[in-house]
Structures are given as C-alpha cells and as structure tokens.
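Step one of this worksheet: look at the structure below.
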Amino acid sequence: MAARRLSSLLSRSLAASSSSGSASLLSSLGRSSGCGKSIHRFSTAAAEELIIPPVQINYTQNLINGQFVDAVSGKTFPTYDPRTGEVIAHVAEGDAEDINLAVAAARKAFDEGPWPRMTAYERSRILLRFADLVEKHNDELAALETWNNGKPYEQAAKSELPLLIRLFHYYAGWADKIHGLTVPADGDYHVQTLHEPIGVAGQIIPWNFPLVMFAWKVGPALACGNTIVLKTAEQTPLTALFVAKLFHEAGLPPGVLNIVSGYGPTAGAALASHMDVDKLAFTGSTDTGKIVLELAARSNLKPVTLELGGKSPFIVCEDADVDKAVELAHFALFFNQGQCCCAGSRTYVHERVHDEFIEKAKARAVRRVVGDPFKKGVEQGPQIDSEQFEKVLRYIRSGIKSNATLECGGDRFGSKGYFIQPTVFSNVQDDMLIAQDEIFGPVQSIFKFKDLDEVIRRANATRYGLAAGVFTKNLDTANTLTRALRAGTVWVNCFDVFDAAIPFGGYKMSGIGREKGIYSLNNYLQVKAVITPLKKAAWL
C-alpha cells in the first residue's frame, strides 16, 4: 500500500487499495483476510481473555478554572467498557450549577486573564507544546480511548492521535496569521476591519471520535484567543479530561479551557441556554441539534455551528474495478464500527456490476475481523453502549421485515459486550427505514441503479447532505456527480480523507457551518469595522 501523509491517515484511497509494499497504517489494522482466526471467532471464552488496558484512569473530576473538582451536587455517573458492559470508572456528574461555575471561570479568563491579551505567537507556542505532550502520551491516550469507546487500538494510536497532533500544529500555525483588512471608502475616511475573538465558546462533543472532535472544536477556538467550556459525551468522558491536564502542563492559563462531564438534558442544556456564552458548537444527532439550536435562540441568540447526522451515498459506476470498489465501499461503511456521521451507508451500484459487487461485498463482510479492539489485527470492536447496540439490531430487524435481502450478519457477535456481526443487505428500496435513517452501525445497504440521472435524483432524495463517495474511472462522470450531489464533501475514488485543512460540514439537515481549515476560524471570530476621518489625505 502506498504511504500516506499523516493528515490523511483516516483515508482509504484508490491508490492505496491497489498498490503494495510499505508497512502502512491500514495494513497494520489487519485489512487482509489472513488475520488470525482465533480473533475472528469471538466467543464467550475469548471474552474471558480480554486484554487488560495498559493505562490508569487518573482524571474523573470536572476541570474548572484550572482545577479538578467534584460536581457541586457530589453526584457521579458510571462510564463503561463496551467490550463487556462493565463499569470502568465513576465520573463527576456536572449539571447546571457546574456549568455556571465553568462559564464564570471562562468569562473571567476572557475579560481579565492573559490569554486573549498575550501575543498570538505566545498562544501558538502553547498549542505546539500541547501537541508535543500529546505525542509523548500517544499510546496511553490511545489505550484510554479504546477502553472507553471500543474502537480498535491501532486505529486510535496510529491514526486518530496523530491526526489530533496534526490539527493542533495546524491551528498553532494560524494563531499569528489572523488579521483584518483596510477597506477603501467613498470619502475622506480610513476604514479597517478587526477580527476579534468572540468570547466564551460553549462546545459539546460526541462519543464516536472523542479526541478528534476535541481537536476540531478546541483548536480553532483557542487559536482565535477565546475561552472554552466543553461538555464531553457522557459515554466517553475520560480522554478529554486527560488531554485538558496536558494543556495546563503546556502553560494554558486557568479558566481558558474548562471541561464538564454530564448528561445532555442537564449539563448540555444548561450550556446551550446560558446567557453568558457567546458562541456554541455542537456535534451529534440531527434531532439533538435542533434542540441545541432552539435553546441557543431562546436564550441570548448566540451563533451556533452544528455538525449533525448523515446518510451518505457511495456511488459505484459502471466502469468500476469491482474488487477495488468493494474494498472502498466496505471501508466507507464499516470504519469505526459504522459509527461515523459521514459513513457511506447507501451503496448505489450500477446494474452492470451489481450482482458481482453483491457477492464480493458479502464475502468481504464475512472476512471482517471482529473482536477485542486491543488485539492486533482486529478491524471491528463493539458498539459504544447498550442503547446503540439495541438500536442497530432494531434497524436490522426492520430491514428483514421490509423484505430487503439479508446477505450476511444480522445478529449480535459473541455473547458478551456490544459486538454486532458485519451486516450486508441487498435489494434495498429507497422507502425502507434502513435506507432513510442514520443507523450508525455496521450495516451496509446496497441499491441498484441504471444511469446517472437516476442515481443523482435518488442520492439527493434525503434530508441529509453531509458527504458522498463516487467510484469511477471517468473524469466526466466524476465531474457530473461532484457538482450534482448536494453534500458538503464529495470523495472521488477515496473516502474519509480528513486533512486538517479540508473543511467539513453539511448541507440541509446535516448541519450549519464548517469545521476544520480556514473556514472554522470564522466560527470563533467577530468582525468589527473601524472608521476614522482623514484630514488632508495625500491619497484615498
């Protein structure tokens, strides 16, 4: 496989699937069907031999004003190991009172503290020191992420942690390059624009990529000179608390970054509706995004960016190399246990190659290595929790009841934890629930199409518009589809390329605004126009 730039480690490209040689990330993740059969057959006996995570849990309190503190109520809530469903720690349960304290700390740090007043270069240096500390603790953080989330350890250690580091290098580079403009005016005036930090940013991150989402939110906000109150997902609070401690080791002043763990209806709602929060950013489901947007509007009309759900089409054209298309479509759907907002969950295959694609997609899913995510060669770990596990199984039953053809999978994997068999449906129709709803699990739905006009119409017939994939050798076909598909990202002959500089966000009900890249900075800046009269100006 071809080597990849660090910033694109989360991608599976056409070139990568067709070449061989280097010891790349994806080969280390065990994409070959030759991985150990003892891992493939996950049973109760195998569950009793789970690897003990090589990491200690040291941070379970909320971080407010630079100090780890218990929740005001004294309450805690359990966080679980999705491999077993067993409790691994009890975490401080923040609610409205804790949010109030965190916002007060962030407000004081912004209004009176050194962070927005230090030079942009000094802010940049702190971000770089933080990235160095993350790199130093890479394996420890990856183990904690896998333990709390269930994703393969090698994915976390060799892909997601390096991406987090790259993102903070990227935003550190932006810190001292944010500036306004001088603007010509009709008359004797000097006009300039200032790009100012927006103030206190409230941020709510999801459980599927806890560390990467931390970077997407925190990086641009800090680079612009803001202070932050961040609420973690209740399912995965541990790694954000760990890296927040590293931020203070890097020299971040107290109160600039505050972390509150808690539930959405209490801590999340309090943050979204807080009158002293100047900006809100949320990643999660579309239904919850609507609530967040309403709370923000009903309070102080704070601006909101939303990165929400998706039902992304992956279009395999008639000229496709079927073997390569199968592998890329498999990756586009099953990556991260299918728990990816931009997953290619509607696989449209041209009728000329449809039948061959079905057989090979089924065979690839059957070969997928499911098991303890700490074991080398495992491609798929458990779903995040019992709620998501049951939700995915309900959608599978719905697909069967709707007369979609179950090609493989369709049930839990093993007898313990939240593992689900890689599942493939064919003969899927557009009006089925599995074709319309975001399943967020390892369930591939395959559709047949005849021509480009038909597939464009069907691919766009969804309330979502987050991403899309196109697999073709024809440049004209690629150009036609990339312009016609109503999605924020279109990957051609690749998928899940998440470079730090590439903007990410959706059309329609997949969100508002963009994450990453230069566009993300706009989310955390105010633009001020300053006009002064000129006397006897030599030029205008």
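The values are calculated or read from the model by the stated rules, or taken from the named source; none is laboratory data. Everything numeric in this text was worked out from a predicted model, so none of it was measured. Cβ: placed from backbone, ideal geometry, glycine included. Neighbour counts: every protein chain shown. Heavy atoms of the whole protein, side chains included, go into the accessibility calculation; ligands, DNA and RNA do not. Shrake-Rupley method; radii C 1.70, N 1.55, O 1.52, S 1.80 Å.
Below, the figures for the structure above:
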{"read-out": "Residue check, Val103 β-branched (Val, Ile, Thr), open to solvent by less than 30 Å² (accessible area, probe 1.4 Å) and at pLDDT 95 or above", "value": "yes"}
{"read-out": "Test for Asp431: is it open to solvent by 10 Å² or more (accessible area, probe 1.4 Å), part of a loop (DSSP other than H, G, I, E, B) and more than 17 Å from Ile396 (Cβ to Cβ)", "value": "yes"}
{"read-out": "Residue satisfying condition, being surrounded by fewer than 23 Cβ atoms within 10 Å (Cβ to Cβ) and small (Gly, Ala, Ser), within set Gly225, Gly180", "value": "Gly180"}
{"read-out": "Enumeration of residues in the range 189-211 that are over 23 Å from Glu160 (Cβ atoms) and part of a helix (DSSP H, G or I)", "value": "none"}
{"read-out": "Inter-residue pairs, beta-carbon under 8 Å, first under 24 Å from Leu241 (Cβ atoms) and open to solvent by 100 Å² or more (accessible area, probe 1.4 Å) and in the range 41-70, second assigned to a loop (DSSP other than H, G, I, E, B) and at pLDDT 95 or above, 6+ apart", "value": "Gln67/Pro254; Asp70/Gln61"}
{"read-out": "Every residue from the range 106-135 that is under 23 Å from the mean Cα position of the chain (by Cα) and among the charged types (D, E, K, R)", "value": "Asp132, Glu135"}
{"read-out": "Subset of the range 359-407 [under 18 Å from Val326 (Cβ atoms), open to solvent by 50 Å² or more (accessible area, probe 1.4 Å) and basic (Lys, Arg)]", "value": "Lys360, Lys362, Arg367"}
{"read-out": "Residues of the range 514-540 that turn out to be in a loop (DSSP other than H, G, I, E, B) and within 15 Å of the chain's Cα centre (by Cα), as a count", "value": "2"}
{"read-out": "Filter result (open to solvent by less than 20 Å² (accessible area, probe 1.4 Å) and either in a loop (DSSP other than H, G, I, E, B) or touching a Gly at 6+ places or on another chain (Cβ under 7 Å) (or both)) within the range 434-463", "value": "Ile434, Ile439, Gly441, Pro442, Val443"}
{"read-out": "Pair list, Cβ < 8 Å and 6+ apart or interchain, from the range 360-388 residues that are more than 14 Å from Phe419 (Cα to Cα) and β-branched (Val, Ile, Thr) to residues that are open to solvent by less than 40 Å² (accessible area, probe 1.4 Å) and part of a loop (DSSP other than H, G, I, E, B)", "value": "Val366/Pro422"}
{"read-out": "Tally, over the range 429-451, of residues that are touching a helix residue (DSSP H, G or I) at 6+ places or on another chain (Cβ under 6 Å) and more than 18 Å from Gly310 (Cα to Cα)", "value": "2"}
{"read-out": "Test: residue in the range 213-223 that is of a type in the set (D, E, K, R) and over 29 Å from Thr60 (Cβ atoms)", "value": "no"}
{"read-out": "Candidate set from the range 471-513 (those that are over 16 Å from Gly310 (Cα atoms) and assigned to a strand (DSSP E or B)); member that is farthest from the chain's Cα centre (by Cα)", "value": "Phe471"}
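Results for (1) touching a Pro at 6+ places or on another chain (Cβ under 9 Å); (2) in contact (Cβ under 8 Å) with a residue 60 or more places away in the chain; (3) of a type in the set (Asp, Glu), shown as yes or no for each residue.
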{"residue": "Gly289", "(1), (2), (3)": "no, yes, no"}
{"residue": "Ala296", "(1), (2), (3)": "yes, no, no"}
{"residue": "Val316", "(1), (2), (3)": "no, yes, no"}
{"residue": "Phe334", "(1), (2), (3)": "yes, yes, no"}
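Residue-by-condition table, conditions (1) touching a Ser or Thr at 6+ places or on another chain (Cβ under 6 Å); (2) among the acidic types (Asp, Glu); (3) closer than 24 Å to Glu454 by Cα:
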| position | (1), (2), (3) |
| --- | --- |
| Glu351 | no, yes, yes |
| Ala361 | no, no, yes |
| Val369 | no, no, no |
| Asp372 | no, yes, no |
| Asp385 | no, yes, no |
| Lys391 | no, no, no |
